[in-house]
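Chemist: First the structure, then my questions, so here it is.
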Amino acid sequence: MLEELRRMREQAKEELQAVLNLEALESWRLAYLGKNGAVTRALRSIGKLPREERPAAGQLANEIRQELEAAFEARQETLRQEALAADMARGAIDVRLPGRPQSLGYLHLSTQTLREIYAIFAQMGFQVLRSNEVETDTTNFQLLNIPPHHPARDMWSTFYTTEPGVLLRTHTSPGQIHAMRKYHPHPIRVILPGKCYRYEQVTVRSEHMFYQVEGLAVGRNITMADLKGVLTHFARQMFGPERKLRFRPSYFPFTEPSAEADIDCILCQGKGCAMCKYTGWLEILGSGMVHPNVLRNGGYDPDIYSGFAFGMGPERLAILKHGITDIRYFFSGDVRFLHQFA
Ligand code: FA5
């Protein structure tokens with residue numbers, strides 16, 4: 001009996017060493033220490049032994065039970081620790097890793113330039129008025145003194161909708177009509193920013209979609225001197241006091257007289273380069289005194305009221321300010337360009 005018990009102990013210990021997970025450990029426990037396990041059965045059978053053998057067998061069987069119970073607990077603890085370590089390794093989060101940066105948006109260069117323009121005109125009392133991007137032939141052309149078949153329509157051709165007479169505006173000037181009809185008969189000082197569209201060959205200086213900022217002042221005794229003063233102040237604020245501004249007589253059907261304002265080329269400092277077509281000057285805006293017919297179309301009597309208007313392209317201004325060589329970068333969606341102005 002004693003020999004049998006010792007063999008069982010050796011076998012149980014060997015098997016326990018081979019147990020590699022908690023499920024196998026439970027099977028081992030049932031096989032030796034469970035209700036019908038080998039150790040339990042041995043203890044139960046001691047009563048059947050001859051009286052003189054019982055004490056030694058009982059003592060050894062009890063020792064073995066205690067030894068195996070202790071071995072079971074130790075093995076269980078080792079396996080639990082191993083299982084925990086494996087779990088941790090599988091779902092590991094290294095809290096020392098730096099976080100992934102969130103990329104924040106930033107303003108498009110056109111928007112930044114528009115805001116600069118708003119701020120400068122706000123100093124002179126001009127408020128921002130939003131007008132429509134979709135206009136009619138009447139507001140985009142006719143009320144601005146451009147009847148059907150007027151040659152200016154060729155230069156200002158645009159994208160037409162399938163709705164007769166409905167088009168994408170070629171300039172912000174129809175906003176003059178909307179502003180006058182809205183504020184009549186009060187004096188006006190507004191700027192009208194927004195997108196314009198043209199059926200036009202795209203080049204380094206021209207896009208078929210671009211922004212404009214229209215300016216309009218209407219009141220009594222407004223003269224060309226006011227126009228020059230406002231635009232000169234604007235150019236100096238925008239480009240610095242050393243910048244040169246020149247006014248050139250021009251023609252627009254909705255202003256009389258009309259003038260274009262040029263700034264000396266920032267890329268070549270006026271020496272002449274491809275950007276300024278070797279003239280040293282860059283056109284930044286068109287302007288003039290509001291034509292009497294246009295004042296009338298807005299509801300103002302030209303014998304009492306006068307006004308000036310201008311229209312500028314913020315992308316062209318940004319090109320000058322930042323020395324950009326191609327206007328097509330603005331709306332091509334290339335973040336390598338845009339990010340430089342973040
Ligand atoms: C006009 O659009 C007139 N409505 C401006 C005006 C307003 C004159 C009020 C008198 C009184 P023009 O076509 O020249 O004019 O355009 C005005 C400005 O818009 C230009 O100086 C330029 O800065 C910008 N611009 C015109 N066409 C383009 C284009 N294709 N791409 C980018 N900017 C343009």
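Chemist: Would you tally the residues in the stretch 164-196 being within 29 Å of the chain's Cα centre (by Cα) and surrounded by fewer than 19 Cβ atoms within 10 Å (Cβ to Cβ)?
Modeler: Total meeting the criteria: 2.
Chemist: If you check ARG220, ARG236, which single one turns out to be without any contact (Cβ under 8 Å) to a residue 12 or more places away in the chain, closer than 21 Å to ALA122 by Cα and surrounded by fewer than 17 Cβ atoms within 10 Å (Cβ to Cβ)?
Modeler: ARG236
Chemist: Continuing with this model, one more query. Pairs needed: first member in the stretch 264-275, closer than 14 Å to ARG316 by Cβ; second member anywhere, among the hydrophobic types (A, V, I, L, M, F, W, C) and modelled with pLDDT of 80 or more; C-beta distance under 6 Å; at least 6 residues apart or different chains.
Modeler: If the second residue must be among the hydrophobic types (A, V, I, L, M, F, W, C) and modelled with pLDDT of 80 or more, the pairs left are CYS265/LEU282; ILE266/LEU320; LEU267/CYS273.
Chemist: Just a yes or no: is a residue in the stretch 188-199 basic (Lys, Arg) and either more than 23 Å from THR138 (Cβ to Cβ) or not assigned by TED's automatic domain parsing to the domain that holds GLN142 (or both)?
Modeler: Looking for residues that are basic (Lys, Arg) and either more than 23 Å from THR138 (Cβ to Cβ) or not assigned by TED's automatic domain parsing to the domain that holds GLN142 (or both), one finds at least one in the stretch 188-199, hence yes.
Chemist: Kindly check whether there is at least one residue in the stretch 82-94 that is more than 29 Å from the chain's Cα centre (by Cα) and among the basic types (Lys, Arg).
Modeler: Yes, the stretch 82-94 contains at least one residue that is more than 29 Å from the chain's Cα centre (by Cα) and among the basic types (Lys, Arg).
Chemist: When only residues in the stretch 5-22 that are in a helix (DSSP H, G or I) and of a type in the set (A, V, I, L, M, F, W, C) count, which is farthest from ILE64 (Cα to Cα)?
Modeler: My answer is LEU22.
Chemist: A further question on this structure: Give all pairs with beta carbons closer than 8 Å in which a residue from the stretch 12-33 that is more than 13 Å from ALA83 (Cβ to Cβ) meets a residue that is of a type in the set (Ser, Thr, Tyr); count only pairs at least 6 apart in sequence or on separate chains.
Modeler: ALA12/TYR32; LEU33/THR40
Chemist: Sticking with this one: Checking LEU30 against (1) under 30 Å from ILE327 (Cα atoms); (2) in a helix (DSSP H, G or I); (3) in contact with a Gly (Cβ under 7 Å, 6 or more places away or on another chain), which single condition isn't satisfied?
Modeler: (1)
Chemist: Among the residues of the stretch 70-91, which ones are closer than 15 Å to MET8 by Cα and surrounded by fewer than 14 Cβ atoms within 10 Å (Cβ to Cβ)?
Modeler: Listed by number, the list is empty, since nothing qualifies.
Chemist: For the stretch 292-305, enumerate the residues that are surrounded by 22 or more Cβ atoms within 10 Å (Cβ to Cβ) and either under 40 Å from the mean Cα position of the chain (by Cα) or part of a loop (DSSP other than H, G, I, E, B) (or both).
Modeler: If the condition is that a residue be surrounded by 22 or more Cβ atoms within 10 Å (Cβ to Cβ) and either under 40 Å from the mean Cα position of the chain (by Cα) or part of a loop (DSSP other than H, G, I, E, B) (or both), then GLY298, TYR300, TYR305 are the ones that fit.
Chemist: In addition: Which of the residues that make up the stretch 257-296 are more than 24 Å from ILE117 (Cα to Cα) and near the ligand (Cβ under 10 Å from one of its atoms)?
Modeler: Of everything in the stretch 257-296, those that are more than 24 Å from ILE117 (Cα to Cα) and near the ligand (Cβ under 10 Å from one of its atoms) turn out to be HIS291, VAL294.
Chemist: Residue under question is GLY311, and the condition is that it be near the ligand (Cβ under 9 Å from one of its atoms) and either part of a strand (DSSP E or B) or assigned by TED's automatic domain parsing to the domain that holds ASN145 (or both); does it hold?
Modeler: Judged against the criteria, GLY311 is a match.
Chemist: Continuing with this model, one more query. Which of the residues that make up the stretch 240-281 are of a type in the set (Phe, Trp, Tyr), surrounded by 15 or more Cβ atoms within 10 Å (Cβ to Cβ) and more than 18 Å from LYS321 (Cα to Cα)?
Modeler: Passing the criteria: PHE247, PHE252, PHE254.
Chemist: Right, something else. Out of curiosity, is LEU144 among the aliphatic types (A, V, I, L, M) and within 34 Å of the chain's Cα centre (by Cα)?
Modeler: So LEU144 fails the test.
Chemist: So which of GLY125, GLY99 is exposed (fewer than 11 other Cβ atoms within 10 Å of the Cβ) and either closer than 30 Å to LEU43 by Cβ or in contact (Cβ under 8 Å) with a residue 40 or more places away in the chain (or both)?
Modeler: GLY125
Chemist: I've got another one for you. Take the residues in the stretch 165-200 that are free of Cβ contacts under 8 Å to residues at least 60 places away in the same chain and small (Gly, Ala, Ser), then tell me which one is farthest from the ligand (Cβ to nearest atom).
Modeler: Looking at the filtered set, the residue picked out is GLY165.
The values are calculated or read from the model by the stated rules, or taken from the named source; none is laboratory data. Note that the structure is a prediction, hence the values are computed from the model and not measured. Every residue, glycine among them, receives a Cβ derived from its backbone with ideal geometry; neighbour counts consider all protein chains shown.
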